[in-house]
Structures are given as structure tokens and as C-alpha cells.
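Single-structure report; data block below.
We did not get these values from a lab; they are worked out from the coordinates using the rules stated. Given the structure is predicted, the values throughout are model-derived calculations rather than measurements. Here the Cβ positions follow ideal geometry from the backbone for every residue, glycine too, while neighbour counts run over all protein chains shown.
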Amino acid sequence: MATLPLRRALPLILAALLPATAFAQSADPGRAKANLAKFQEKAKENPESAQAWFDVAIAAKRAGATATEKDALRKTFQLDPNASRAFNNMGVLYMREKNYRKALIAFDEAVKIDPKYEQAWVNRGNALRGQGRHDEAIDSYRTALNLDTRMIGGWYGLAGAYATKGDLQKAHTCYLKVVKLQDQHAPAWRALGYTYRAKGDDANSQKALDRAKALNPDLGYPVD
């Protein structure tokens, strides 16, 4: 197969990307709601405890109660201004709303409090990409990877940033790193299918796409 031109390859690669901020809710909604009620009761008994309100936020996340989670996170960092995880989780909520400006403010606060908070650096990169600030996003992902070279989200985000900038060779290298660290990462295999195709490597392109489809046939596979 001939090399796929960048103008045709790039939309395919970008269409293969998935948001990095997804959070799996509890498979048992009834139990999740019961747990949330339990933690809310504990927080009422200890209203000045930042940890109690953070526990409510986590339980609310698992129950899919977004408004309750936001309220509990606000109470957490009002009581404890150094609650880096609370700021990070608030940023994730803003990311789901595509409010990248507020998300970035929250992630900036998280890494200011804890400069070694790898996941917050990755999330910060995602927020910067959402604003089209890809060079800054690359710096943020690299900061996360300097702290932990096995951060799959860091490599995956870095790949996406390079792909968006049109640097498919660097994107390809990062996607390879993702599947080396996590062989069952279907979105990365799918993206590799298109980066291989852009390089004119038909055999490996098909292998990568077949691997992605075997892992998750429901992802969607755009064609040129």
C-alpha cells in the first residue's frame, strides 16, 4: 500500500482518539447510592473534616451524582487548601463538561500543591490540548513522564498532541510505548493502525487494527 498522505491520515488518527478522563461508575447503582448516603452521614457528623467531604466526593463519583461530587470537592478544598486530589478531581469534572479553562485552573492548583502529582500533570496536558495549546500540553505530559516513565496516560496524551501537530513519527513512537506498557489498550492499537498506514506499512497497519477490533469491536473504525 502506498503511503497515506498526511491530510488524509491525520483525520483518521485523530478520530481514533478517546477522551482520557473517563471514569467507570459502579456496576451496582443501588449499592453506590447506599455508600454515598453513608459517607454523607459521616460528613454531617464531622462537617469540619476535609477527608470526610472528600470521601463523599469519591462516593458521589461512583454513584454518578455529579452535583453532589462538585459540592463535596468544594467543601474539601475550602477546609484543606492543600487538598491536591480534590483540585485534580474537580478538574476532571470540568473536563467532562469541556470547560477546559476551569479544568486547567484546577489542575494548575493541584500540581502547584504537589509538583510530583503525575496524574494531575497528565490531566493538565489534556486540558491544554482542549484549548489547542499543544506545545504546552507536550511539556505537561513530559513532566508527568519524567516523574514516572510508565504513565500510560502520559504516553497516550503525548501521542495525541504530536498527532494533532502532524508529527506522526513521534506520535507513532508514543503509541508503541503505550501498547508495550498495556497490550490491551485498544484505542492505542487503533491509532497505530492509522500511523502504520500513514507510513505505508500495510501489514502492520492491518495487524494493529485487527488487534484493536479483537479487544474492542465497538470503538468505531473510520475509513478514508
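Taking a straight Cα-Cα cut-off under 25 Å and skipping sequence neighbours fewer than 8 places away in the same chain, the lysines within cross-link reach of residue 112 are 61, 70, 75, 98, 102. Quick one: Debye curve from the C-alpha atoms of segment 128-220, no solvent, what's log10 I(q)/I(0) at q = 0.12, 0.16, 0.20, 0.22 Å⁻¹? For segment 128-220, the Cα-only Debye profile gives -0.36, -0.63, -0.93, -1.06. Distance distribution P(r), the chain, all Cα-Cα pairs, bin width 10 angstrom from 0: 9, 29, 30, 20, 9, 2, 0 percent. Taking N as the number of residues in segment 24-65, what is its Cα Rg relative to 2.2 N^0.38 Å? Taking N as the residue count of segment 24-65, the ratio is 1.10.
This ranking places 140, 49, 205 by how few other beta-carbon atoms lie within 10 Å of each, fewest first, which gives 49, 205, 140.
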